[in-house]
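J.: Input: one structure, supplied below.
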Amino acid sequence: MANERLRSAISGSGMTLAALSERIEVDPKTVERWVSTDRVPHRTNRQALCAALGRDEAFLWPAAVSEARAQSASQAEFVAMHPNRGSVPAGTWQSLLEGATESIDLLAFAASFFHDTIADFDDVLRRKARQGVRVRLLFGDPDGRAVRIRGEEEDIGDSLAARCSLTWKYLRPCIDMQGIEARMHDTTLYSSIFRFDEDLFANTHAYGAPANHSPVLHLHRVTGGRLFPHFMGAFERVWDSATLVQKDAAA
């Protein structure tokens, strides 16, 4: 598909392709390809063309500008990278939980560190639900294939399954409470995801290594960014495939 906007701008400038190419110091055939194939020039050439033609970059290459803006927004989403989960200050988790006003979404196999570091973790979840926060709990099926394989890969046997069972037992008072939804998954996890309103922590997983030994990305939602919705898309796919948990099943 030809770039008719660029063709029109060149025609309106009164310059020939040869004159324009000489002015911006590129081969005339390159300029011709930019017009005839809608090939997007590199940024420096786009800026030179805009200066020569007196037209705006967003008008001549809207897709390229949109991509650049998305990249810039995605970079703005990035808050910090922690080398492992233990390097995230314990108070951060408490602060994010307490500060949530709309959504708390937790995806992991067990995430037992929440109960280990926040003594009243279940109470906080129930209180946030009563305040109108939507809470979604998405943890591993202790009897599932994914948990068994992960335990084998980490060379810890049934320990991961035991931690999953313990997590569900701890969470039993939260299940069936209005505002709290709980589902059990049997999915291979490439990262654990912990979302608190506009903040999201993605705890990456590495083969054979415990999740708490792997890096954690801290993201904050920015309009037009792609990282936050990318990880939340993964959360939603696991959520859709998971099984609703009843209070009796978590005993």
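The values are calculated or read from the model by the stated rules, or taken from the named source; none is laboratory data. Everything numeric in this text was worked out from a predicted model, so none of it was measured. Here Cβ is always computed from backbone atoms with ideal geometry, including for glycine, and neighbour counts include all displayed protein chains. Surface areas here come from the heavy atoms of the whole protein model, side chains and all, with no ligands, DNA or RNA. Shrake-Rupley method; radii C 1.70, N 1.55, O 1.52, S 1.80 Å.
J.: Considering only segment 34-46, state which residues are farther than 15 Å from Arg7 by Cβ, of a type in the set (D, E, K, R) and open to solvent by 40 Å² or more (accessible area, probe 1.4 Å).
T.: Scanning segment 34-46 gives a single hit, Arg43.
J.: Take the conditions closer than 30 Å to Gln131 by Cβ and touching a strand residue (DSSP E or B) at 6+ places or on another chain (Cβ under 7 Å) and apply them to Ala146. Does it pass?
T.: On the way: closer than 30 Å to Gln131 by Cβ: no; touching a strand residue (DSSP E or B) at 6+ places or on another chain (Cβ under 7 Å): yes.
No.
J.: While we're looking at this one, here's another question. Looking at segment 13-28 only, could you name the residues that are open to solvent by less than 70 Å² (accessible area, probe 1.4 Å), in contact (Cβ under 8 Å) with a residue 12 or more places away in the chain and assigned to a helix (DSSP H, G or I)?
T.: Residues satisfying the conditions are Ser13, Leu17, Leu20, Ile24.
J.: Right, something else. May I ask you to say which residue of Leu6, Leu49, Leu53, Leu96 is surrounded by 13 or more Cβ atoms within 10 Å (Cβ to Cβ), closer than 30 Å to Arg126 by Cα and of a type in the set (A, V, I, L, M)?
T.: On the way: Leu6 fails: closer than 30 Å to Arg126 by Cα; Leu49 fails: closer than 30 Å to Arg126 by Cα; Leu53 fails: closer than 30 Å to Arg126 by Cα.
Within the list Leu6, Leu49, Leu53, Leu96, the selection yields Leu96.
J.: Can you find a residue in segment 79-90 that is closer than 30 Å to Ala2 by Cβ and within 26 Å of the chain's Cα centre (by Cα)?
T.: In the first step, residues of segment 79-90 are kept if they are closer than 30 Å to Ala2 by Cβ; the result is none.
No, the conditions are met nowhere in segment 79-90.
J.: Test Leu49 against the stated conditions and say whether it is at pLDDT 85 or above, closer than 23 Å to Ala234 by Cβ and either hydrophobic (A, V, I, L, M, F, W, C) or in a strand (DSSP E or B) (or both).
T.: Numbers: at pLDDT 85 or above: yes; closer than 23 Å to Ala234 by Cβ: no; either hydrophobic (A, V, I, L, M, F, W, C) or in a strand (DSSP E or B) (or both): yes.
Here the answer is no, as Leu49 does not meet what is asked.
J.: Could you tell me which numbered condition Ala119 fails, if it satisfies all but one of (1) within 19 Å of the chain's Cα centre (by Cα); (2) among the small types (Gly, Ala, Ser); (3) not in a helix (DSSP H, G or I)?
T.: (1)
J.: Just for segment 122-141: of the residues that are closer than 19 Å to Glu198 by Cα and assigned to a loop (DSSP other than H, G, I, E, B), which one is nearest to the chain's Cα centre (by Cα)?
T.: In the first step, residues of segment 122-141 are kept if they are closer than 19 Å to Glu198 by Cα; the result is 124-125, 128-129, 131-138.
After this cut, where a residue has to be assigned to a loop (DSSP other than H, G, I, E, B) as well, the list is 131-133.
Working: Gln131: 26, Gly132: 24, Val133: 21 Å.
Out of the qualifying residues, it is Val133.
J.: Here's a follow-up. Among what's in segment 190-249 and is basic (Lys, Arg) and in contact with a strand residue (DSSP E or B) (Cβ under 8 Å, 6 or more places away or on another chain), pick the residue that is nearest to Gly86 (Cα to Cα). Steps first, please.
T.: Narrowing segment 190-249 to residues basic (Lys, Arg): 195, 221, 226, 237, 247.
Okay, now just the ones that are also in contact with a strand residue (DSSP E or B) (Cβ under 8 Å, 6 or more places away or on another chain), so 195, 221.
Details: Arg195: 18, Arg221: 23 Å.
By that ranking, first place goes to Arg195.
J.: Under the condition of being surrounded by fewer than 20 Cβ atoms within 10 Å (Cβ to Cβ) and free of Cβ contacts under 8 Å to residues at least 40 places away in the same chain, which residue from segment 125-146 is farthest from Met184 (Cα to Cα)?
T.: Filtering segment 125-146 for residues that are surrounded by fewer than 20 Cβ atoms within 10 Å (Cβ to Cβ) and free of Cβ contacts under 8 Å to residues at least 40 places away in the same chain, the one farthest from Met184 (Cα to Cα) comes out as Gln131.
J.: Pick from Phe231, Phe201: which is aromatic (Phe, Trp, Tyr), open to solvent by 30 Å² or more (accessible area, probe 1.4 Å) and either touching a residue at least 60 places away in the same chain (Cβ under 8 Å) or touching a Ser or Thr at 6+ places or on another chain (Cβ under 8 Å) (or both)?
T.: Values: Phe201 fails: open to solvent by 30 Å² or more (accessible area, probe 1.4 Å).
Just one listed residue meets the conditions, Phe231.
J.: While we're on this one: Residues to consider are Phe109, Phe78, Phe114; find the one that is modelled with pLDDT under 95, within 24 Å of Leu219 (Cα to Cα) and surrounded by 21 or more Cβ atoms within 10 Å (Cβ to Cβ). Explain how you work it out, then say what you get.
T.: Numbers: Phe109 fails: modelled with pLDDT under 95; Phe78 fails: surrounded by 21 or more Cβ atoms within 10 Å (Cβ to Cβ).
Exactly one of Phe109, Phe78, Phe114 is modelled with pLDDT under 95, within 24 Å of Leu219 (Cα to Cα) and surrounded by 21 or more Cβ atoms within 10 Å (Cβ to Cβ), namely Phe114.
J.: Next up: Tally up the residues in segment 147-187 that are over 25 Å from Glu102 (Cα atoms), touching a residue at least 40 places away in the same chain (Cβ under 8 Å), surrounded by 19 or more Cβ atoms within 10 Å (Cβ to Cβ) and hydrophobic (A, V, I, L, M, F, W, C), please.
T.: 2
J.: With (1) open to solvent by less than 70 Å² (accessible area, probe 1.4 Å); (2) in contact (Cβ under 8 Å) with a residue 24 or more places away in the chain as the list, and Ala206 as the residue in question, which single condition is left unmet?
T.: Single failed check for Ala206: (2).
J.: Now a separate question. What is the number of the single condition among (1) in a helix (DSSP H, G or I); (2) over 30 Å from Arg7 (Cβ atoms) that Val31 does not meet?
T.: (2)
J.: Being surrounded by fewer than 16 Cβ atoms within 10 Å (Cβ to Cβ) and assigned to a helix (DSSP H, G or I) is the filter here; which residues of segment 213-228 pass it?
T.: His213 - this is the single residue of segment 213-228 that is surrounded by fewer than 16 Cβ atoms within 10 Å (Cβ to Cβ) and assigned to a helix (DSSP H, G or I).
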